[in-house]
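Nothing in this text is a laboratory measurement; each read-out follows from the coordinates by a stated rule. These figures come from a predicted structure and were not determined experimentally. No Cβ is skipped: glycine too gets one built from the backbone with ideal geometry, and neighbour counts run over all protein chains shown.
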Amino acid sequence: MSVETLVGGLLRATYFVPAVLGFCLAARHGGYLPLWLPQCGTIAAYLAYYFAERSGWNGACSLVGALIAGGVLGVACHRLLFAGHVARREPYAALLRGVAVSLVIENVVGLMSSGYALAFETLRPTWQVVCGWPLNDTLRLPDLVSLGALAVLAPALWLSVNHTRLGLAYRAVASDRDLAREHGINADRIDTLVIFGASSLCACSGILYALRYGLTPQMMTTPALKIVAVAVAVGPDRLLISATAVVMMGGIERLCQGIPGAAGLEHGVGYTVLIIGVMANYVLRPLWRRWALVMGKERFNERPVG
Amino acid sequence: MNIKRQPLYALLATILFVGAACRQQHPGAVAVGALVPLSGPNMSYGTACRQAYEIARDDAKHLGRAELNVIYGDSLMEVGPTLRQYQDLKRKVVAFVEVAGSGPALAVSVEAGKDRIPILSAIASSPKLTAGGGDYFFRVIPSDEHSAPALSDWAFEAGLKRAVMVFNQQNAWATGFKEAAVTAYRQRGGLLPDDAVIGVTRDTLDFSAAIAALKRKNPDVWFVGLQGAQAGLFVSQALDKGVTQPFLGVDNFDEQEFVDAAGRAKTQVRFVLPAVARSESAQRFAAEFRARFNREPGGLAFRAYDAYMVLVSAIEAVQKAGLPLDGAHLQAALRQIRTEGLTGSIEFDSNNDLKRAAYTLWTYTPDGKMIPAPQR
């Protein structure tokens, strides 16, 4: 266990920050767990590979094209398969359909790539800087972009959700779609905007992750489960805490990996921490509130009258 | 989905499945099974085998040799699904040209021994299969019991006396390789303590913590018990963290996915393969593979081709002798096999493992070409 391990773990976990932000946005908006959404990252990463490596597109064009395509695909998927469930408030049916969509995407991508792992050749990041203590590692462009996402994207998104008119409309639709419509908010437009943004964020995560670790059809499957776990444990309405939680989880996982004998528990420890998070959020917090309420009442009753 | 359309979709799916099944039938061909992963995270193994069999079938046809009808079962390279698929196929085939994965092969070989169905494998290299594979399990891949000592010999002769190891603890091949390598290296006097061996999981893609922990041991050499892209990512990340020592492996480095993922770190690997690993016929096969599938064949494709041809030879031997084509006669024929494959001469010892004389140490050039490694 060392500072190097912890810092390295925290840094690498930032790759999931855009995805967890996108997931939380969509989860709060739709009132269900969009398990399929991280797979937009898989598709975007494969599209980036196709554009850059097979079609010979320019690197920047490939990445932007894949990002936009990821967003558009997310919107299309939502409109075709999930919008009805969201309108009818059927979170369990939507979740099940999301599982099915994830599996279909994973298998279709697997079939199309014959299951082979792929790696970017022309898009492989060439820029790098050797970093000394405490990281003792080589930083590449995707590392910096994902760090930037944590530093800029998370606060910016939090601000826009909580302190802008568009954010107000988003919260209104997320809270009660029919009431929001009655107050003149165009819920369909908010739907499109939110899902496009959320899918693009997931696409961003997928592309960054693929640039660093290569492409496999299952590349977002394990991360997706962690993202869901964070969203459930922390609550999808807490964007900043979700982003921090996913990074902390990465740190804990890497600390575990560095200990011989405990490395196999790497993923298990992350989930254990999340179970504690769920208990704290959904069991202990309400208990604490109830207790605080009771105590407050008693104190109020004890106050001398007059 | 409109509920009225559902029967239509079901009918369409059924037609597709039946069509696919009918396409597999070759009249007059001998039915053999292949339990390989056709989906899931290990799918690339199944794809490589299927592609190699396709070329082998065409070559056999061109040479007027026996034709095999390969019936596939999706094993996912896991014990449970492999056993289920074996039970489904065992009455339809005379032998299995592949049971992918050391763990599944160990489990199936017990059943195959009882059912008297020969199994060949181009993937399972665990030393446990030498004794545990039984009389009906053959393999065209050298056991790690032979390759790990060859690797340790090289390391020790090169003065690399302090080692560390990383391996996938959820993979039967990797655990077998770990045991074989640790035993061989320690027997030669090398220092490889238990706390210098770190196990990771099959989902691990970032190894920064394991590399940092192992780097603190100041090793002369790193044993890598990971496969394919995962092995490539490990050596690439180790290089990023300033590791300059060589990485040692066996056939796990002989895969295109490894080369793609390793990037410039591939020149730092050393791995042992049988001395005659790339014959002229192997080069012809590689050219055909590239032309058909638009990618470089990995080591598995060569071995899968060899497994197919070995089975063809055994079937022909039984047919020529006028004996009934059953498991017992096929097993006896396989034991008599002496042939030149793409990966060198193929002959089985008393444990049905490959008889191998010498190993060569290999590495990669910066452009990904496999070359004999310079001796230190």
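Remark: segment B:91-101, residue by residue, has Karplus-estimated 3J(HN,Hα) of 8, 9, 10, 9, 7, 10, 7, 7, 10, 6, x Hz, where x stands for each Gly or Pro and the curve is 6.51 cos²θ - 1.76 cosθ + 1.60 at θ = phi - 60°. In this structure, the pairs whose alpha-carbon distance is over 28 Å, taken from B:LYS241/B:LYS355; B:LYS178/B:LYS355; A:LYS226/B:LYS128; B:LYS217/B:LYS369; B:LYS90/B:LYS128, are B:LYS241/B:LYS355; A:LYS226/B:LYS128; B:LYS217/B:LYS369.
Under a Gaussian network description of chain B, with springs only between Cα atoms under 10 Å, the residue in B:SER208, B:SER109, B:SER121 that fluctuates furthest is B:SER208. Peptide A:261-268 shows a mean partner chain C-beta count of 5 within 10 Å per residue C-beta. Using only Cα atoms, find the angle between the long axis of helix B:299-320 and the longest principal axis of chain B, and express it within 0 to 90 degrees, rounded to the nearest 10. Tilt of helix B:299-320: around 40 degrees.
The calculated FRET efficiency for the pair B:LYS92 and A:GLU90, based on their C-beta separation and a Förster distance of 51 Å, comes to about 0.70. Charges were assigned to the Cβ only: +1 to each Lys and Arg, -1 to each Asp and Glu. The resulting dipole of the protein assembly as shown about its Cα centre is roughly 1380 debye.
The fraction of all Cα pairs in the protein assembly as shown landing in successive 20 Å bins from 0 to the largest distance is 17, 46, 30, 7, 1, 0, given as whole percents. Computed from Cα atoms, the angle from the helix B:6-23 axis to the main principal axis of chain B rounds to 90 degrees. Mean-square fluctuations from a GNM of chain A, with a 10 angstrom spring cutoff on Cα atoms, peak among A:GLY214, A:GLY84, A:GLY41 at A:GLY84.
About its Cα centre, what dipole magnitude does segment A:3-302 give when the only charges are +1 on Lys and Arg Cβ and -1 on Asp and Glu Cβ, stated in debye to the nearest 20? Provide the component values of the computation, followed by the final result.
Working: 23 positive and 17 negative charges, 115 e Å.
Roughly 560 debye, rounded to the nearest 20.
The H on the amide N of B:GLY368, modeled in the peptide plane, is under 5 Å from the matching H of no residue at least 5 residues off or on a different chain.
Axis of helix B:79-89 versus longest Cα principal axis of chain B: the two differ by about 20°, to the nearest ten degrees. With neighbours defined as other Cβ atoms within 10 Å of a residue's Cβ, the residues A:CYS204, A:CYS256, A:CYS131 order from fewest to most as A:CYS131, A:CYS256, A:CYS204.
With a 10 Å cut-off around each Cβ of B:241-252, the average count of Cβ atoms from other chains is 1.
Listed by chain and number, the aspartates and glutamates placed with their C-alpha closer than 18 angstrom to that of B:LYS61 are B:GLU288, B:ASP306, B:GLU316; residues fewer than eight positions away on the same chain are left out. Proximity of backbone amide H atoms, modeled 1.01 Å from N, is registered between B:GLU67 and B:VAL30 at under 5 Å, excluding neighbours fewer than 5 places apart on the same chain. Quick check: the distance between the Cα centres of segment B:58-82 and segment A:1-26, to the nearest angstrom? With segment B:58-82 and segment A:1-26 each reduced to a Cα centre, they are spaced 44 Å. Filter the trypsin sites (Lys or Arg not before Pro) in segment B:300-366 to those in DSSP coil with at most 14 other Cβ atoms within 10 Å of their Cβ, and list the result. Passing both the DSSP loop test and the Cβ count: B:LYS355. Residue by residue, segment B:162-170 carries 3J(HN,Hα) couplings of 10, 10, 10, 8, 10, 8, 8, 6, 9 Hz when phi is fed to the Karplus relation 6.51 cos²θ - 1.76 cosθ + 1.60 (θ = phi - 60°); x denotes Gly or Pro.
Between B:SER75 and B:VAL36, B:LEU38, the built amide H atoms are under 5 Å apart, and every one of these is 5 or more places off in sequence or on another chain.
Based on C-alpha pairs under 8 angstrom that are at least 6 apart in sequence, chain A has a relative contact order of 36 percent.
Arranged by the count of other C-beta atoms within 10 angstrom, fewest first, what order do B:TRP173, B:TRP362 take?
Values: B:TRP173 27, B:TRP362 19.
With the sparsest Cβ surroundings first, the list reads B:TRP362, B:TRP173.
When each of A:ILE252, B:ILE198, A:ILE207 is scored by the number of other beta-carbon atoms lying within 10 Å, the sequence from fewest to most is A:ILE252, B:ILE198, A:ILE207.
3J(HN,Hα) couplings calculated from phi for segment B:28-36 with the Karplus curve 6.51 cos²θ - 1.76 cosθ + 1.60 (θ = phi - 60°) are, in sequence order, x, 7, 7, 7, 10, x, 9, 9, 10 Hz; Gly and Pro show x.
Springs between alpha-carbon atoms under 10 Å, Gaussian network over chain A: tell me which of A:LEU63, A:LEU284, A:LEU95 tops the mean-square fluctuations. With Cα springs under 10 Å in chain A, the top fluctuation among A:LEU63, A:LEU284, A:LEU95 is at A:LEU284.
Counting only DSSP beta bridges with both residues in chain B, tell me the antiparallel percent, nearest 5. Looking only at bridges with both residues in chain B, the antiparallel portion is about 30 percent.
Per DSSP helix of 4 or more residues, -39500 (n - 2.57); summed, then divided by the residues of chain B. What does that give at 222 nm, rounded to the nearest 500? Mind showing how you got there, number by number?
On the way: 13 runs with 171 residues, N = 376.
After summing the helix terms and dividing by the residues of chain B, the value is -14500 deg cm²/dmol.
Could you pull out every whole DSSP H run in chain A that spans at least 24 Å of Cα extent along its own axis and averages 1.6 or higher on the Kyte-Doolittle scale? Let's see the in-between values first.
Values: long enough: A:59-77 (27 Å, 1.99); A:91-112 (31 Å, 1.45); A:187-213 (38 Å, 0.94); A:239-257 (27 Å, 1.31); A:285-302 (25 Å, -0.99).
Span-like helices here: A:59-77.
Farthest towards the positive end of the charge dipole of the protein assembly as shown, among the residues A:ALA44, B:ALA31, B:ALA209, is the Cα of A:ALA44, using unit charges on the Cβ of Lys, Arg, Asp and Glu.
Dipole magnitude of chain B about its Cα centre, charges +1 at Lys/Arg Cβ and -1 at Asp/Glu Cβ only, in debye to the nearest 20?
For chain B, the charge dipole is close to 300 debye.
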